[in-house]
Amino acid sequence: MRLPYEASFLIEENVADSGPHWVALSKSSSVIVGLTDARVAPNLNIGYIRGFDYSLPNALSALGVESKELSVDEVKTADLRKFSSIIVDNRVYESQPELIAANPKLLDYANAGGNLIVFYHKSDEWNPDPRRNRPQLAPYKLLLGNERITDENAPIAFIEPQHPLLNIPNKIGPDDFKDWIQERGLYYPREWDPQFHALLQSNDPGETPLKGGLLVADYGKGHYIYTSMVWYRQLRAGVPGAYRMLANMISYGRH
């Protein structure tokens, strides 16, 4: 449940003759306070290539996990094995196109035992395109379409309800998809390799069901997750289920 309300904070100043005092937020300020039972695996260390805003790092901080923003140069040169998961944030292959050349390093990381998570991209930012020197970015075939689910309350069906990604460390259920804002997902995959497990299905009223909102595959010793759902909006809005699902994604393979 999201609990927006007016708040005040106790500010302690390091001044000898000034004691603690209360400062009320102005009417124009807003704070979203949310309560959620989101568990994470122990000893996580998350690397991420940030997208257009700070929704992801803020959410990782709220989950209490160690995390570090990675530049493309760091992806190219750093020892990525120290990260339990690496997240490519929304549309980063477009906002930082130099990451495309460094993408084999990320796939090597997953192949060697890492957990690589990629958030949504537009089809013309993702699908292989020799004119833009863009090869296949996922370890297996994964082509995006232009379909989206605009109804944020569209029912979610669980295709593989017992899959570990939906159960460890948090059991994900219908309640985790309540109180969403502005759409379920964008640019859903239209074709993918059988190595991927499609875990969720949803659709706008009267539309064909879309199954590619959350895809997961084993890759070598590690894992690869692609999700076209708009988690960033839900994380920014304090939707509890989004934090629980993010916790499962970054914990995947650590149980």
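The values are calculated or read from the model by the stated rules, or taken from the named source; none is laboratory data. As the structure is a prediction and not an experimental result, all values here were calculated from the model. Positions of Cβ are backbone-derived with ideal geometry, glycine not excepted, and every protein chain shown enters the neighbour counts. For accessibility, only protein heavy atoms count, side chains too; no ligands or nucleic acids. Shrake-Rupley method; radii C 1.70, N 1.55, O 1.52, S 1.80 Å.
Assorted remarks:
- Taken together, the residues in region 40-52 that are part of a loop (DSSP other than H, G, I, E, B), at pLDDT 95 or above, at negative phi and open to solvent by 20 Å² or more (accessible area, probe 1.4 Å) amount to 3.
- Residues located in region 234-246, provided they are open to solvent by 10 Å² or more (accessible area, probe 1.4 Å) and either at positive phi or free of Cβ contacts under 8 Å to residues at least 60 places away in the same chain (or both): GLY238
- Under the condition of being under 22 Å from TRP126 (Cα atoms), in contact with a helix residue (DSSP H, G or I) (Cβ under 8 Å, 6 or more places away or on another chain) and not charged (D, E, K, R), the residues counted in region 152-196 number 1.
- Inside region 166-196, residues that are of a type in the set (S, T, N, Q), open to solvent by less than 50 Å² (accessible area, probe 1.4 Å) and within 25 Å of PRO128 (Cα to Cα) make up a count of 0.
- LEU116 under 20 Å from the mean Cα position of the chain (by Cα), modelled with pLDDT of 95 or more and closer than 21 Å to ARG50 by Cα: yes
- Restricting attention to region 199-233, the residues that are open to solvent by less than 10 Å² (accessible area, probe 1.4 Å) and of a type outside the set (S, T, N, Q) add up to 15.
- Sole exception among (1) closer than 17 Å to PHE119 by Cβ; (2) in contact with a strand residue (DSSP E or B) (Cβ under 9 Å, 6 or more places away or on another chain); (3) part of a helix (DSSP H, G or I) for ALA59, by number: (2)
- Some residue of region 124-135 being in a loop (DSSP other than H, G, I, E, B) and under 26 Å from ALA242 (Cβ atoms): no
- Residue satisfying all of: in region 53-66; of a type in the set (S, T, N, Q) and open to solvent by 40 Å² or more (accessible area, probe 1.4 Å); farthest from VAL40 (Cα to Cα) among these: ASN58
Rundown of residues vs (1) open to solvent by less than 10 Å² (accessible area, probe 1.4 Å); (2) of a type outside the set (S, T, N, Q); (3) more than 18 Å from GLY47 (Cβ to Cβ), yes/no style:
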{"site": "LEU99", "(1), (2), (3)": "yes, yes, no"}
{"site": "ASP108", "(1), (2), (3)": "no, yes, no"}
{"site": "ASN111", "(1), (2), (3)": "no, no, no"}
{"site": "ASN115", "(1), (2), (3)": "yes, no, no"}
{"site": "VAL118", "(1), (2), (3)": "yes, yes, no"}
{"site": "GLU125", "(1), (2), (3)": "yes, yes, yes"}
{"site": "ARG131", "(1), (2), (3)": "no, yes, yes"}
{"site": "LEU137", "(1), (2), (3)": "yes, yes, no"}
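- Filter result (farther than 18 Å from PRO189 by Cβ and of a type in the set (S, T, N, Q)) within region 86-130: SER95, GLN96, ASN111, ASN115
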